[in-house]
Amino acid sequence: MSDLVLFLPETICLLGALMLFAAQTVGARYRVVWVLAMLAGALALAASVWTWPLSGEPFYPGIYHVGFFSQFVKTIIAGGFVFVAAISSRPHTVREEAWAELPMFLLLATTGMMMLASAMELVTLYISMELAAYPVYVAVALHRSHDFRGESAVKYMLQGMVASAVTLYGMTFIFGLTGSTYGADIFLQLDSLAGQPLFWLAALLVLAGFLFKLAAFPFHFWAPDTYQTAPHEVVTFVATASKVAAIAVLCRIAALVAPAGLDAQLLTTVLMWMSVGAMTLGNLAALRQGDLKRLLGYSAVAHAGYVLIGIQTLSATGLTAALFYAIGYAAMSGLCFLVVVEVGRDDDLVPIESLAGLHQRAPLLAATLLIGVFGLIGLPPTVGFIGKWFLFSAAIEQGQFVLVLVAAVNSAVALYYYLLVIRQAYLVDPVRAAPLHTGMVTLLVAGATTGLVVAMGIVPGWFWTKSIEAVAALM
Amino acid sequence: MNLESFLLLSLVLFSLGLFAVLAHRNLIAVLIGVELMMNAASLNLMAFNRFSVTDPVTGQVFVLIIIGLAAAEVAIFLSIILNLYRTRRTIDAEQLTELKG
């Protein structure tokens, strides 16, 4: 019984999803469903924090590991869900008949993502990955516009299915080489496996599914399309919680391989080139986008590249930096999408011009966007600056000056398109003069997240220490 | 029959599936391609199970779970395709060009 306490956050999410299902089956009003979803999210968040000091393995030994790393990641994911739920008090871009279903799907996906953070065994990992993915596929298809509904869902799901099939194929080879699906068993055999190219090939195949979730090059093709045409609220979820879960799994796998003396040359080289590809392609493609969500999609590709800088070092510092950046990135992109949700209330597409004169129409939203975009650029005093600093110094520790140089040049290029966004919001006169009214809850969440982004930038100490502890619990 | 021939067969299946995904325009055909890729993985698991793994239970459970998840996946994808067909009257991947970048 005491074991089940370790599973508390996931249990709350699962029961919450069931409750939401029941609520929408009996035809509860969206307001009720929304309050229930917020409640479940808050409870899951509290439970994740409460389980920080605990560690152990609920159910069967070796399958599911609860420790500080997993609980820390679950906290961020639950926070992401609460954020998305809070800004969807009226999910305008979702068709109205389906409003009540949206929080249920998102909560189910949250459960899957939380399980991803703990999974220590291939079958569990695969099930969690699919549980985190399927509900989001459906949620993307809930768009109110007939033109977008099917198309963006088909594109997203098709690529997701292929990526997960590739992951599965890789897992079968790892099973074949080691005779086990347990992470601990595979870890014990790493020394003898390290010499076999087939093992590294299989490991790369396994990574494909998670690199897809992260939208890293060359698995990024879905990102711009899905970001542009999925309902705003769903994209917010994909851009925050989903990214954190993917980074957590990548950290766990990297930590498995990281112990010194192992020749992981192939893995690091491939990840490094993926990082370079993602940064360069994401930033260059973002330069010529006129659609705000599409631009943020390419920016997500670029940021996947920055995170991979930390992961490809396969060192404790690098993984800590990646985890730290994951929290910061979720908060920063969350802020940008909060503004998208508010500004794009009546539109299916959100061209950059729709931000025109935002500082007059809604000064608080404009400030939120400013902080979010400054974070994505990497300007102090936001977490974007200090997070990149940590990532780059982890790479320099490994002597990868060229990689850091490429990343720095990329950050400079990115400045251009981010400033275009800021320019629309602050320097252009409004096209639609009517002031934009924002709900209390949204403003509250915007304030709290802005506070997080700035606090992590000015006093990163506490978050950095917690990230170090988390990665230490992993290795 | 030995392990290698099974692995080779599954590799052929996997490649055929991937080819179908990349080359076909009809979304149903694409879905069949994805299913082929997953079946290749299942075949791999069973082959390893038979020839090289001491505990044969794990692989079989894994395959059963894959079959279940694949069914769920097909259900979701088909319903999305159906939705697409209702609004667009086509399931041709080439005609999904509303979005461009």
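The values are calculated or read from the model by the stated rules, or taken from the named source; none is laboratory data. Only a predicted model underlies this, so the values are computations on that prediction, with no experimental measurement involved. When we count neighbours, we look across all protein chains shown, and the Cβ atoms used for this are built from the backbone with ideal geometry, even at glycine. Just so you know, the surface numbers come from the protein's heavy atoms only, side chains and all, with ligands and any DNA or RNA stripped out. Shrake-Rupley method; radii C 1.70, N 1.55, O 1.52, S 1.80 Å.
Odds and ends about this structure:
- Accessible surface buried by the B/A pair amounts to about 3600 Å², both sides summed, 1.4 Å probe.
- Using θ = phi - 60° and Karplus 6.51 cos²θ - 1.76 cosθ + 1.60, couplings along segment A:369-377 (whole Hz; Gly, Pro as x): 4, 4, 5, x, 5, 4, x, 5, 5
- Accessible carbon and sulfur surface of segment A:291-337 relative to its total accessible area, %, 1.4 Å: 66 percent
- Per residue, in Å², the accessible surface of segment B:3-95 once ligands and nucleic acids are set aside, probe 1.4 Å: 51 Å²
- Think of a 1.4 Å ball rolled over the protein heavy atoms: segment A:1-119 then has 39 Å² of accessible area per residue.
- Furthest towards positive pole of dipole, B:L13, B:Q60, B:F48, structure part segment B:3-95, Cβ charges: B:L13
- Alpha-carbon centroid distance for the pair segment A:265-311 / segment A:38-111, whole angstrom: 27 Å
- Farthest toward positive dipole pole in chain A [+1 Lys/Arg, -1 Asp/Glu at C-beta], among A:A255, A:G150, A:T124: A:G150
- Gain on full extension, evaluated as 0.36 nm per residue between B:S52 and B:R89 minus their Cα-Cα distance, stands at 8.4 nm.
- Of the accessible area of segment B:3-95, computed with a 1.4 Å probe over protein heavy atoms only, carbon and sulfur atoms account for 68 percent.
- Pairwise label distance in nanometres, A:A455 with A:I396, each label 7 Å out on the Cα-Cβ vector: 2.9 nm
- In a reduced charge model with +1 at each Lys and Arg Cβ and -1 at each Asp and Glu Cβ, chain A shows a dipole moment near 800 debye about its Cα centre.
- Residues within the reach of a label modelled at A:A184 (point 7 angstrom out along Cα to beta-carbon, backbone nitrogen below 13 Å), restricted to segment A:36-74, are A:56-66.
- Globularity ratio of the protein assembly as shown, using Cα Rg and 2.2 N^0.38 Å: 0.92
- Whole-Hz couplings from phi, Karplus 6.51/-1.76/1.60, listed for segment B:35-52; x for Gly and Pro: 4, 4, 4, 5, 5, 4, 4, 4, 4, 4, 4, 5, 5, 4, 4, 6, 9, 10
- Using just its DSSP H runs of length 4 or more, each adding -39500 (n - 2.57), chain A gives a mean residue ellipticity at 222 nm of -25000 deg cm²/dmol after division by all residues.
- Net lengthening on full extension, A:E97/A:L4 (0.36 nm per residue, minus Cα-Cα): 29.8 nm
- In nm, spacing of pseudo-spin labels at B:I65 and A:E57 (7 Å Cα→C-beta vector): 1.5 nm
- Annotation: amide H of B:N26 within the under-5 Å range of B:A93, sequence separation 5 or more or interchain, hydrogens built in the peptide plane.
- Rg over Rh, two decimals, segment B:3-95 (C-alpha only, Kirkwood Rh): 1.10
- Per residue, in Å², the accessible surface of segment A:212-270 once ligands and nucleic acids are set aside, probe 1.4 Å: 23 Å²
- Charge context of B:V74, other residues only, Cβ under 13 angstrom, K/R +1, D/E -1: -3
- Inter-label distance, nm, simple model (7 Å from Cα along the C-beta direction), A:A472/A:L266: 3.4 nm
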